[in-house]
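Everything below concerns the one structure shown next.
The values are calculated or read from the model by the stated rules, or taken from the named source; none is laboratory data. Predicted, not measured: the structure shown is a model, and the values here were computed from it. Note that each Cβ is placed from the backbone with ideal geometry, even for glycine, and that neighbours are counted across all protein chains shown.
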Amino acid sequence: MAPAESTGTRRLFFALWPDAPLREELLRRRALLKPSGWRAVPAHNLHLTLLFLGNQPSSALGDIDALGGQLGLERSRLRLDRFGWFPGARVLWLGGSAPDPIQAWVDALSSGMDSLGLSVERRPFKPHVTLFRRVLEAPDLPEPEPLDWSVRGLSLIESLPSRPYQVLRTWSVN
């Protein structure tokens, strides 16, 4: 794991991190869209957030890391089959429905953070990969070719200002 930043907190999230071929497929689907002043998420930052942890004390990183390692991860498939827009966040995404195993991971991670006494933002889990930011109005969206993601692992990610996301740890599925 990377050394702690000097601020005393780390901005973290648990995510599904695509491999290179899947990342290319995400970019191929993103190319179907016609951005109008939108800001594309850099290709190296494309991911699917399971649980956003926000700023957490650097001293809790070991416990958070252990939490990820305690999940009984089993191979799962996730189908991303529609584009969508979150007006509040002003993001355009490619997403789908949460299969039971992945929803169970989200629930276990959330409960685990509670047991550690660490608060996280509570939102219903809606599996999606953010493709664009600063999307101010609802665009007309085409129907993408479905993309099947064979989930092979869970990652703990750190968000650092003006830098690519840093994968701190990845746990493989059984």
Next item on the list: Would you mind stating whether F52 is surrounded by 15 or more Cβ atoms within 10 Å (Cβ to Cβ), under 14 Å from L109 (Cα atoms) and in contact with a helix residue (DSSP H, G or I) (Cβ under 6 Å, 6 or more places away or on another chain)?
Entry: no
Checklist line | Flag if L22 is part of a strand (DSSP E or B), under 17 Å from V167 (Cβ atoms) and at pLDDT 95 or above | finding: no
Check: Does S155 satisfy the condition of being part of a strand (DSSP E or B) and modelled with pLDDT under 95?
Finding: no
Checklist line | All positions within region 59-69 that are over 15 Å from T170 (Cβ atoms) and either in contact with a helix residue (DSSP H, G or I) (Cβ under 7 Å, 6 or more places away or on another chain) or crowded, with 16+ Cβ neighbours inside 10 Å (or both) | finding: A60, L61, D63
Next item on the list: Starting from region 131-146, keep only residues that are free of Cβ contacts under 8 Å to residues at least 60 places away in the same chain, then list their pairs with residues that are assigned to a strand (DSSP E or B) whose Cβ atoms are within a distance under 6 Å, requiring at least 6 positions of separation or different chains.
Entry: A138/W85
Next item on the list: Need at least 3 residues that are over 14 Å from the mean Cα position of the chain (by Cα) and touching a residue at least 40 places away in the same chain (Cβ under 8 Å) per element, so show me which strands (runs of 3 or more DSSP E) inside region 34-114 make the cut, counting only ones lying wholly within it.
Entry: 48-57, 76-86
Item checked: Residue list for region 96-146, restricted to those being under 27 Å from Q56 (Cβ atoms), surrounded by 15 or more Cβ atoms within 10 Å (Cβ to Cβ) and in contact with a Lys or Arg (Cβ under 7 Å, 6 or more places away or on another chain) -> L131
Margin query: Condition first: of a type in the set (A, V, I, L, M, F, W, C) and farther than 21 Å from L26 by Cβ. Can you find one or more residues in region 143-159 that meet it?
Written below: no
Notebook entry, point to check: Could you say which residue among G8, G72 is touching a helix residue (DSSP H, G or I) at 6+ places or on another chain (Cβ under 6 Å) and among the small types (G, A, S)?
Noted result: G8
Notebook entry, point to check: From the list V167, V135, which one is among the β-branched types (V, I, T), under 22 Å from G95 (Cβ atoms) and part of a loop (DSSP other than H, G, I, E, B)?
Noted result: V135
